[in-house]
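Structure first, commentary second.
No lab work stands behind these numbers, since they all come straight from the coordinates. Please read these numbers as outputs of a predicted model, since none were measured by experiment. Cβ placement follows ideal geometry from the backbone for every residue including glycine, while neighbour counts extend to all protein chains displayed.
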């Protein structure tokens, strides 16, 4: 089996001078980086004392699923002769908190809007979402349902 390895770095940037001496005395801010790439300013969700102007892990998980699906979908369309001219997705995710303060995602729904070159491509374009879903590395790695509700239109 062929393997791919990934390395990321996380640097906490939220020490306000006294570390984690109290729950309210530190920021959840941190930087996510990969060598040779732009850093991502991140924090926790505002519900957990995070900075609403920065990405949080939950948003990044939903974005990873959406991005993976899109990349597979575009690949499959190019192989199938479906000419996609635009693709957007307003993905949504639901996370449920548990009584112990933890939580887990219960679902992610992708809402891709795909524009194809010709009306004759719409049927095939719609069908390729299922195959993209089955091939998506990230969707295959999570333990909750990932659904898709695509809309396909012509230029």
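Over all pairs of distinct alpha carbons, what does the Kirkwood formula give as the hydrodynamic radius of the chain, in Å?
Working: mean 1/r = 0.0558 Å⁻¹.
Over the chain, the inverse of the mean reciprocal pair distance is 17.9 Å.
How big is the gap, in Å, between the Cα center of region 1-67 and the Cα center of region 78-133?
25
How do 74, 128 rank when sorted from fewest to most other Cβ atoms within 10 Å of their own Cβ?
Going from sparsest to densest Cβ surroundings: 74, 128.
Taking springs between alpha-carbon atoms closer than 10 angstrom, which of 95, 70, 121 fluctuates most in the Gaussian network model of the chain?
The residue that fluctuates most here is 95.
Please report the antiparallel percentage of DSSP beta bridges with both residues in the chain, rounded to the nearest 5.
Bridges in the chain are about 70 percent antiparallel.
Could you please rank 77, 136, placing first whichever residue has the fewest other Cβ atoms within 10 Å of its Cβ?
77, 136
Set the Förster radius R0 to 30 Å, insert the Cβ-Cβ distance between residue 106 and residue 39 as r into 1/(1 + (r/R0)^6), and round the FRET efficiency to 0.05.
For residue 106 and residue 39, the calculated efficiency is 0.45.
Before anything else, pin down the relative contact order of the chain: Cα pairs under 8 Å, at least 6 apart, normalised by residue count, whole percent. If you can, show how the numbers build up before the last one.
On the way: 258 pairs, mean separation 26.3, N = 155.
Taking the mean separation of contacting Cα pairs over the length of the chain, I get 17 percent.
Say each of residue 78 and residue 131 gets a label point 7 Å from the Cα, pointing the same way as Cα to Cβ; how far apart are those two points in nm?
Reported label-point gap for residue 78 and residue 131 is 1.5 nm.
If I model a spin label as a point 7 Å beyond the Cα along the Cα-Cβ vector, how far apart are those points for residue 55 and residue 5 in nm?
With each label point 7 Å from Cα toward Cβ, the separation is 2.4 nm.
Taking the number of other C-beta atoms within 10 Å as the exposure measure, put 107, 118 in order starting with the fewest. Can you show the working numbers first?
Details: 107 14, 118 11.
Fewest-to-most ranking of 107, 118: 118, 107.
Identify which of 89, 100, 45 has the largest mean-square fluctuation in a Gaussian network model of the chain, with springs joining Cα atoms closer than 10 Å.
100
Which of 50, 101, 81 ends up with the largest GNM mean-square fluctuation for the chain, with Cα atoms connected below 10 Å?
Answer for the Gaussian network model of the chain: 101.
Does region 9-48 come out rounded, prolate or oblate by the C-alpha gyration tensor, with a ≥ b ≥ c the root eigenvalues, rounded set by a/c under 1.5 and, if not, prolate when a/b is larger than b/c and oblate if not?
Cα axes put region 9-48 in the oblate bin.
How much mean residue ellipticity at 222 nm does the chain get from its helices, if each DSSP H run of length 4 or more adds -39500 (n - 2.57) and you divide by all residues, to the nearest 500 deg cm²/dmol?
My calculation for the chain gives -8500 deg cm²/dmol from helical runs alone.
How high is the FRET efficiency between residue 24 and residue 147 when r is their beta carbon distance and R₀ equals 35 Å, given to the nearest 0.05?
About 0.40, to the nearest 0.05.
If each residue of separation counts as 0.36 nm, what is the full-extension length gain between residue 86 and residue 119 once their alpha-carbon separation is subtracted?
Values: separation 33, 0.36 × 33 = 11.88 nm, distance 1.43 nm.
Contour length minus the Cα-Cα distance gives 10.5 nm.
Hey, rough spin-label estimate for residue 63 and residue 12, points 7 angstrom out along Cα→Cβ, what's it come to in nanometres?
That separation, rounded to one decimal, is 2.3 nm.
What's the extension gain from residue 140 to residue 97 if we count 0.36 nm per residue and subtract their Cα-Cα distance? Please report the intermediate quantities before stating the final value.
Values: separation 43, 0.36 × 43 = 15.48 nm, distance 2.27 nm.
That pair, residue 140 and residue 97, stretches by 13.2 nm at full extension.
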